[in-house]
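The values are calculated or read from the model by the stated rules, or taken from the named source; none is laboratory data. Everything numeric here is computed off the predicted structure, so don't read it as measured data. Note that each Cβ is placed from the backbone with ideal geometry, even for glycine, and that neighbours are counted across all protein chains shown.
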Amino acid sequence: MIDYQFKEELTQKRERVEDLFYFEGSKVGRGTYGLVFKAIPKTQNERYPKKEYALKLIEGNGFSTSACREIALLRELKHPNLIRLQRVFLTNEKKVWLLLDYAEHDLWHIIKYHRGK
Ligand SMILES: Nc1ncnc2c1ncn2[C@@H]1O[C@H](COP(=O)(O)OP(=O)(O)OP(=O)(O)O)[C@@H](O)[C@H]1O
């Protein structure tokens, strides 16, 4: 059980994804487990250089099995040709957001396009 005061402190201190990034109205896709938005940092800093990111809102509440599986896999994948999971945000409403590098092209769409030629 989490101490009430500790929980309150966490709620106060927790960084909010909407304070750090602009992404409202920038939906770019939907997957099996959630919605994806294009995002840019509200202020440029060392942690979040000004570039495009993807923010993925995992459907459901908290760290479901599918959320844990996706996070675990993304954390393991480190390759120059693969997008990187930069950060996981948990909101006070128990929503999970994944901050990823933004990929301009979807490999699946490219494969489908070339198959059709
Ligand atoms: N890092 C990203 N950069 C840019 N667009 C992205 C990124 N991740 C996802 N998208 C867009 O959002 C869509 C949904 O992505 P998501 O990863 O949720 O599902 P998926 O991998 O396409 O499908 P599934 O969830 O069924 O495996 C993608 O098809 C793509 O258009």
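So here's what we get for this one:
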item: Residue within the range 71-82 that is at pLDDT below 95, of a type in the set (A, V, I, L, M, F, W, C) and in contact with a helix residue (DSSP H, G or I) (Cβ under 6 Å, 6 or more places away or on another chain) present; result: no
item: Of all residues in the range 27-41 being at pLDDT 95 or above and of a type outside the set (A, V, I, L, M, F, W, C), the one that is surrounded by the fewest Cβ atoms within 10 Å (Cβ to Cβ); result: K27
item: Exclusive hit being surrounded by fewer than 13 Cβ atoms within 10 Å (Cβ to Cβ) and touching a Ser or Thr at 6+ places or on another chain (Cβ under 6 Å), set N92, N81, N45, N61; result: N92
item: Some residue of the range 64-80 being within 14 Å of the ligand (Cβ to nearest atom) and either on the phi > 0 side of the Ramachandran plot or of a type in the set (F, W, Y) (or both); result: no
item: Residues (modelled with pLDDT of 90 or more and of a type outside the set (F, W, Y)) located in the range 94-109; result: K95, V96, L98, L99, L100, D101, A103
item: Any hit, the range 43-56, residues being hydrophobic (A, V, I, L, M, F, W, C), within 12 Å of the ligand (Cβ to nearest atom), farther than 29 Å from E8 by Cβ and within 15 Å of the chain's Cα centre (by Cα); result: yes
